[in-house]
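None of the figures in this text is laboratory data; all of them are computed from the coordinates on show. Note that the structure is predicted; figures quoted are calculated from it, not measured. We place every Cβ from the backbone using ideal geometry, glycine too, and count neighbours over all the protein chains shown.
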Amino acid sequence: MPIVVRIDVELAKRKMSVGEFSERVGLTPANVAVLKNGRAKAVRFSTLEAMCRVLDCQPGDLLEWVEA
């Protein structure tokens, strides 16, 4: 998949657990896992906004396009 999700990197930088992240963003840990593992087909802007707010980052810090 040419879009790589970098949630793990941002969580590690902040020493934040998936559980804490999921609770603060308003997602289930299972849905965070789907995003982290690149299995998500889409993400709502409201979810992306919440993730950026919680991690104090930009969307480009979480999503990266790579040539296949």
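Taking the residues in the range 1-18 that are under 14 Å from residue 61 (Cβ atoms) and part of a helix (DSSP H, G or I) as candidates, determine which candidate is nearest to the chain's Cα centre (by Cα). The qualifying residue nearest to the chain's Cα centre (by Cα) is 7.
I'd like the residue in the range 19-32 that is assigned to a helix (DSSP H, G or I) and closer than 17 Å to residue 48 by Cβ and, out of all such residues, is farthest from the chain's Cα centre (by Cα).
It comes out as 24.
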